[in-house]
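For reference, the structure is listed below as structure tokens.
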Amino acid sequence: MAVKRLSATDATWLSLESPEMPMHVAFLMEFHSPDGDAEGFVRRWHARHAAPFTAPPPWNLRPARGRLAESLALVREVDEVDPADHIRTWRLPAGTGRDELVELVTRIHREQLDLSKPPWELHFVTGQSEDRFAVVLKAHHSLLDGVSLVRVITGGLSTDPRARDLPPFFSIGPETGLRRERTGRIRALFAAVHGFFAILSGVAGAARDALRRKAGQPTAQQTYRQPPSVLDGPITGARDLSLRRYRLDEIKRLARAADCTVNDLVLYLVATALRGYLTDHAELPDGPLTAGVPTDLRDGDQRVGTRAGLMFTALATDVADPVRRLAAVKDAIDAAKRHMGAMSPGAVIGYGLATTFPWVLALLLGIRSAPSSHPMGISNIPGPRDTLYWDGARLDAMYPISLLMHGNALNFTCFGYRDELFIGVLGAAGKLPPIEHLTAALDAAVAELDGLLAPATAVGQD
């Protein structure tokens, strides 16, 4: 079995794994079966893929055991993957509602992956109706991030509703060795050296910003600046999940009227929802809460693992007036974008690693109450605009579900598919008020903004 070493970023995700902090990401997908027989579809698919098989990376990568191997973040390629170790089926009682589905998905998501095997699972859920079934695909963050997980999922789907016998998700992997073989050893060595110095420049930039922050000077990236809040401190393994979906054309219409991007608008909506949620159900801090916003750095890079940077922005949750709040959110994220835009991808990664290092090191040492660089994550993953099918089953919904950490008790992840924006909001259960209150506040934030921008959005309409 070949042995590989994970990157520094992926090694961090693996080393942080614990019962309180399962380090996996997931998608909940809802399908409409082609013949109206959801259970038959799942049974037939499962029968076709019941035998052990040879899988490509990352689906065949298992964390190596032993103190030295774990300290070096080594993974082994297994010769065969046994579907029985990774595929589960669930059946909800007939007539079960959506709340019961979300409750089951929450239970599935909060369970750790088995690191003695390649850490991924595929869960089928039937029973809600005769013609519909759900699928939860979860994978460890050291092997796949949200963007790469979307790529392998869509690689196993088709825009043709008549296509059958499509390759399963776990038979599809990024190209792992072609780049090096094509470029040659000298060019690969040059790229490695160049990448090292790029990361080093990002580390130096993070160090300079840390000194500025200590001196009370402003920085574009808002790290370690959040006020005390209910989001701080340790969490347990309990999770609270709430899902939302919005018409993407409505979100884009609001973004155009607000003269901002969809990503910027999502930040504003989250800020507004948080303000209402904390005011009504906890305590609103006097200062602005901050968030880490991932940015994809792949640019065609298909290697296994994660390759993302982090921007750190203020959310203006302390600003009462919604118009001023929107302007403040835009100003903060624009400053963070300009700062990151001046860096190379390697420097962005180095900046993020160095910035989060004090927090992550404390977590590795068992200090669960260490200050975090940011108390929540907010991300937006682009998805396909065409309707996709899985052996004829139509994909109707696709909700992203991320992860939580000590000091990072809340996560919003958005995913655009077809003409809708799907949002998965994950919170630390028992620590935060029910997350359904937060997504209800998100609905209210959309309605409020629509009312505020009504004159602008009406221009040009029939």
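Cβ-Cβ contacts under 6 Å between residues 6 or more apart (or on different chains), taken from a first residue in region 311-325 that is polar (S, T, N, Q) to a second residue that is in a loop (DSSP other than H, G, I, E, B) and open to solvent by less than 60 Å² (accessible area, probe 1.4 Å), are listed as T313/Q222; T317/P288; T317/L289.
Listed residues R208, R213, R225; which is open to solvent by 40 Å² or more (accessible area, probe 1.4 Å), touching a Lys or Arg at 6+ places or on another chain (Cβ under 8 Å) and either at positive phi or free of Cβ contacts under 8 Å to residues at least 60 places away in the same chain (or both)?
Just a single option satisfies the conditions, and that option is R213.
Looking for something within 21 Å of L144 (Cα to Cα), at pLDDT 95 or above and β-branched (V, I, T) - is there at least one such residue anywhere in region 6-28? Checking region 6-28: at least one residue is within 21 Å of L144 (Cα to Cα), at pLDDT 95 or above and β-branched (V, I, T). Considering only residues that are in a strand (DSSP E or B) and crowded, with 23+ Cβ neighbours inside 10 Å, look in region 424-444 and name the one that is farthest from the chain's Cα centre (by Cα). Only one residue tops the list, namely A428. Entry remark, region 307-337: residues being touching a helix residue (DSSP H, G or I) at 6+ places or on another chain (Cβ under 9 Å) and not in a loop (DSSP other than H, G, I, E, B) number 17 in total. For E70, indicate whether it is modelled with pLDDT under 95, closer than 30 Å to L410 by Cβ and of a type in the set (D, E, K, R). Yes.
Among the residues of region 50-102, those identified as among the β-branched types (V, I, T) and open to solvent by less than 60 Å² (accessible area, probe 1.4 Å) are V75, V78, V81, I87, T96, V102.
Number of residues in region 46-68 that are in a helix (DSSP H, G or I) and in contact with a strand residue (DSSP E or B) (Cβ under 8 Å, 6 or more places away or on another chain): the value is 1.
Looking across region 289-306 at every residue that is assigned to a loop (DSSP other than H, G, I, E, B) and buried (at least 24 other Cβ atoms within 10 Å of the Cβ), the one that is modelled with the highest pLDDT is identified as L289.
Between A444, A370, A393, the distinction of being among the small types (G, A, S) and out of contact with any Phe, Trp or Tyr (no Cβ under 8 Å at 6 or more places or on another chain) belongs to A444 only. Across region 233-256, the qualifying residues are those that are out of contact with any strand residue (DSSP E or B) (no Cβ under 6 Å at 6 or more places or on another chain) and open to solvent by less than 30 Å² (accessible area, probe 1.4 Å), and the one among them that is nearest to A440 (Cα to Cα) is L254.
For region 2-40, residues that are open to solvent by less than 50 Å² (accessible area, probe 1.4 Å) and part of a helix (DSSP H, G or I) total 7.
The values are calculated or read from the model by the stated rules, or taken from the named source; none is laboratory data. None of these values were measured; they are calculated from a predicted model. Neighbour counts are summed over all protein chains in view; Cβ atoms, including those assigned to glycine, are modelled from backbone coordinates with ideal geometry. Surface areas here come from the heavy atoms of the whole protein model, side chains and all, with no ligands, DNA or RNA. Shrake-Rupley method; radii C 1.70, N 1.55, O 1.52, S 1.80 Å.
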